[in-house]
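To start, the structure itself, in structure tokens.
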């Protein structure tokens, strides 16, 4: 059920954005997207166990590899793909922002679990990269957007917004989790982050549906090609890093799926914070999100089937 909740919800978000967009428009017009991002990190902080972020020698090396792949290679690929494909500035902006943001907040861990990977490591990488992204995003984004076109980013303002949207709610959730008293399990919490992502996609699609209808089929193919030129090399980089570092198979899966994925809520929050017309940039962010979920889910299921086949073969 948990594995199907997010993809099923995303499909419904597309259908409802086309047929009943009013609630999505209301969310977008009343700071709903920022509130949803806040809730995501509040819950993430509360769900992070006391020992989930404990470091050892192995984690330090893996974390460094994840930083290089997610926060350095990602924006480089976004800028490269936009230039190779001769993207208009708005589309290039969307690709660079998507490449710059840290990993997804829930789907990376879920897909790692589906593939039989190390979910504890996936959670550690997800939380750590998102917190580090608070510092890296304003500076890297300013550098790469200037390389793509005439745009100025208020780095300090963006840092403050990332602080209040990411670090503050995460820290609050962590403190709530550490309060003395009996530990209680709340199974429904695992669905809150996925529900928030679904609502963010629904609201974003509702506000952008006219932009989607204004694009030609060739435009969509161009966007999908650019998205593939960012996401697929990130997957390969994670796999290559796992082989180079001689990681366990389960650890390699966590590194591959977490470091290659990009979080939609922060990308949209950044677009909402930029004081210029961002045009069709949001379309690139949305297509990237669907593309990575589709490709990575198929890949994870294929890996799991291979694992099951190998186990069955050994049993025989």
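Among the helices (runs of 4 or more DSSP H) contained in region 239-316, which hold 2 or more residues that are at pLDDT 85 or above and closer than 18 Å to residue 14 by Cα?
281-315
Give me a count of the residues in region 67-90 that are modelled with pLDDT under 90 and in contact with a helix residue (DSSP H, G or I) (Cβ under 6 Å, 6 or more places away or on another chain).
1
Which number in (1) without any contact (Cβ under 8 Å) to a residue 24 or more places away in the chain; (2) closer than 16 Å to residue 290 by Cβ marks the one condition that residue 194 misses?
(1)
So how many residues does region 3-31 have that are modelled with pLDDT under 85, more than 18 Å from the chain's Cα centre (by Cα) and part of a helix (DSSP H, G or I)?
3
Give me the pairs: first residue in region 80-96 and at positive phi and in contact (Cβ under 8 Å) with a residue 24 or more places away in the chain, second residue part of a helix (DSSP H, G or I) and surrounded by fewer than 24 Cβ atoms within 10 Å (Cβ to Cβ), beta-carbon distance under 9 Å, and six or more apart or on different chains, which are they?
none
Residue by residue, here is whether (1) in contact with a helix residue (DSSP H, G or I) (Cβ under 8 Å, 6 or more places away or on another chain); (2) touching a residue at least 12 places away in the same chain (Cβ under 8 Å); (3) under 26 Å from residue 71 (Cβ atoms); (4) surrounded by 21 or more Cβ atoms within 10 Å (Cβ to Cβ) holds:
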{"position": "212", "(1), (2), (3), (4)": "yes, yes, no, no"}
{"position": "215", "(1), (2), (3), (4)": "yes, yes, no, no"}
{"position": "224", "(1), (2), (3), (4)": "yes, yes, yes, no"}
{"position": "229", "(1), (2), (3), (4)": "yes, yes, yes, no"}
{"position": "232", "(1), (2), (3), (4)": "yes, yes, yes, no"}
{"position": "237", "(1), (2), (3), (4)": "yes, yes, yes, yes"}
{"position": "244", "(1), (2), (3), (4)": "no, no, yes, no"}
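Give me a count of the residues in region 43-66 that are modelled with pLDDT of 65 or more, surrounded by fewer than 21 Cβ atoms within 10 Å (Cβ to Cβ) and over 15 Å from residue 102 (Cα atoms).
8
Would you be able to say whether some residue in region 220-232 is assigned to a helix (DSSP H, G or I), under 19 Å from residue 129 (Cβ atoms) and at pLDDT 90 or above?
yes
Go through 115, 157 for me and flag whichever is in contact (Cβ under 8 Å) with a residue 12 or more places away in the chain, over 17 Å from the mean Cα position of the chain (by Cα) and closer than 20 Å to residue 296 by Cβ.
Exactly one residue qualifies, and that residue is 115.
Which condition number does residue 93 fail, the rest of (1) crowded, with 23+ Cβ neighbours inside 10 Å; (2) more than 27 Å from residue 45 (Cβ to Cβ); (3) at pLDDT below 85 being met?
Against the list (1) crowded, with 23+ Cβ neighbours inside 10 Å; (2) more than 27 Å from residue 45 (Cβ to Cβ); (3) at pLDDT below 85, residue 93 comes up short only on (3).
The values are calculated or read from the model by the stated rules, or taken from the named source; none is laboratory data. Treat the numbers as computed from the prediction; the structure is a model and nothing was measured. Cβ atoms come from the backbone with ideal geometry, glycine included; neighbour counts cover every protein chain shown.
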